[in-house]
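Quick notes on the structure that follows.
The values are calculated or read from the model by the stated rules, or taken from the named source; none is laboratory data. From a predicted model like this one, the values you see are computed outputs, not experimental measurements. Reconstructed Cβ throughout: ideal geometry from the backbone, glycine too, with neighbour counts over all protein chains shown.
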Amino acid sequence: MIQPMQKIAIKMLTGDRAKFYGLVFGIVFATFLMAQQVSIFFGIMDRTANQIIDVHEANIWVMDPLVEYVDEVKPLRDIDLQRVRSVQGVQWAVPFFKGFAIMNTPGLSVKQVLLLGVDDATLIGRPPLMSFGQWEDLKLPDSIIIDRAGWDLIWGNEPYKYGKVVEINDIRLIVVGVSNSAAPFATFPIAYTRYSIANRVTMPGRSRMPFILARSATPEQTAQLINKTTGLKALTNVEFQKQTKDYYMHNTGIPVNFGITIVLGFIIGAAIAGQTFFIFVLENLRHFGGLKAFGVTNRQILGMVLTQAAYVAFIGFSLGIGLCTLFFDLTSNILPLRGIFLTWPVVLGTAISVVVIMFLSSVISIRKVLVLDPAIVFRG
């Protein structure tokens with residue numbers, strides 16, 4: 001229940017509409033900018049590991065010991081697949097192809113695509129969702145599946161349909177579906193075909209197996225056993241995602257660039273709120289002095305200032321988070337921004353930042369009120 005002194009504090013705050021709106025705007029701006037940029041940052045980091053996230057059946061990735069992240073490709077030997085399959089705890093293991101290829105669309109364009117080759121028999125390595133067609137059609141001769149972004153890039157707004165023809169290294173392939181893959185870090189279209197076809201169209205006569213996908217009931221222990229017995233690097237799905245994200249965190253300018261924007265949002269919000277709140281308190285010193293002259297204690301005055309700060313923080317944060325939620329809702333169907341959304345840890349972190357901003361603003365302003373001489377109300 002709101003106490004009388006808190007009601008007076010809110011009336012004082014909202015009475016000066018210009019400064020009240022300025023305070024709220026500062027918090028709305030800081031909230032929106034911090035929440036949006038942090039969400040986009042985490043979304044981009046997730047995109048760096050999209051090919052790992054899309055593989056749901058396997059929980060172990062096996063690779064050359066020198067590989068540091070998913071986009072680093074160093075082929076394994078064919079015999080390595082059998083060695084992994086022989087390790088105790090491995091339920092199954094299949095090859096997985098990953099490489100880039102130049103895809104020619106007769107009469108349209110030439111595009112570089114990320115070509116992924118899934119296991120011929122089981123199709124393990126595919127993402128779970130399709131926008132058009134079905135994964136079983138990939139078992140048809142010379143078939144290929146394109147992701148949604150790739151279809152839009154090549155054929156624009158043309159409706160999805162079966163039978164489009166593409167060529168890779170002069171080998172003709174038939175598009176049999178459109179996948180709903182996780183958003184990639186790079187802007188290349190993603191194309192899926194069978195492992196045998198991927199090897200045939202990219203480097204005929206030579207097998208290339210960058211990764212082995214495996215499954216185990218105890219993935220952590222089995223991965224360690226694969227490392228020990230084969231000399232290859234084996235990581236669980238979660239570990240490989242983390243290692244890939246860490247690589248981009250430490251070797252690109254993405255964290256620094258987003259960090260600067262997020263810090264600027266905090267500083268600008270704090271500067272606007274702090275300065276406006278300080279001016280508001282200065283201009284209301286006579287009112288605070290009158291309250292003290294009528295016997296209001298410093299503790300009650302402190303409660304009033306904190307109430308004003310909390311009121312502004314609540315309204316500004318609510319509006320800022322609402323705008324951020326609306327932004328991601330309106331952009332959810334835009335392919336370049338898909339997969340980026342607001343999460344509860346981001347909301348919580350932003351709320352804490354807003355509380356810090358308003359607390360600092362209160363600290364800057366409160367001293368003037370606490371040392372105020374009540375006699376000011378009788379002067380001039």
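Residue pairs whose Cβ atoms lie under 9 Å apart, sitting 6 or more positions apart in sequence or on different chains, and linking a residue in segment 157-168 that is under 13 Å from Ile145 (Cβ atoms) to a partner that is of a type in the set (Ser, Thr, Tyr), are Tyr160/Ser131; Lys164/Thr105; Val166/Thr105. Mind checking whether some residue in segment 133-146 is closer than 18 Å to Ala198 by Cβ, in the same structural domain as Met209 (by TED's automatic domain parsing) and at pLDDT below 90? There is no residue in segment 133-146 that is closer than 18 Å to Ala198 by Cβ, in the same structural domain as Met209 (by TED's automatic domain parsing) and at pLDDT below 90.
Against the conditions (1) of a type outside the set (Ser, Thr, Tyr); (2) modelled with pLDDT under 85; (3) over 17 Å from the mean Cα position of the chain (by Cα), where does Gly253 fall short? Just the number, please. Exception for Gly253: condition (3).
Residues checked against (1) surrounded by fewer than 21 Cβ atoms within 10 Å (Cβ to Cβ); (2) part of a loop (DSSP other than H, G, I, E, B); (3) basic (Lys, Arg):
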site	(1), (2), (3)
Met5	yes, no, no
Ala9	no, no, no
Phe20	yes, no, no
Ile27	no, no, no
Phe41	yes, no, no
His56	yes, yes, no
Val70	no, yes, no
Leu81	yes, no, no
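One line per residue, one yes/no per condition, for (1) outside the structural domain of Phe132 (by TED's automatic domain parsing); (2) among the aromatic types (Phe, Trp, Tyr); (3) part of a loop (DSSP other than H, G, I, E, B):
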| position | (1), (2), (3) |
| --- | --- |
| Asp152 | no, no, no |
| Asn157 | no, no, yes |
| Gly177 | no, no, no |
| Ala182 | no, no, yes |
| Phe185 | no, yes, yes |
| Thr193 | no, no, no |
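Among the candidates Gln243, Gln275, Gln224, the residue that is within 30 Å of Ile145 (Cα to Cα), surrounded by fewer than 20 Cβ atoms within 10 Å (Cβ to Cβ) and either touching a strand residue (DSSP E or B) at 6+ places or on another chain (Cβ under 9 Å) or outside the structural domain of Trp92 (by TED's automatic domain parsing) (or both) is uniquely Gln243.
Please go through segment 117-134 and give me each residue that is in contact with a Ser or Thr (Cβ under 8 Å, 6 or more places away or on another chain) and not hydroxyl-bearing (Ser, Thr, Tyr), ordered by number. Hits for segment 117-134 are Gly117, Val118, Asp120, Arg126, Pro127, Leu129, Met130.
Can you pull out the residues in segment 333-380 that are at pLDDT below 80 and under 24 Å from the mean Cα position of the chain (by Cα)? The answer is Asn333, Ile334, Leu335, Pro336, Leu337, Arg338, Gly339.
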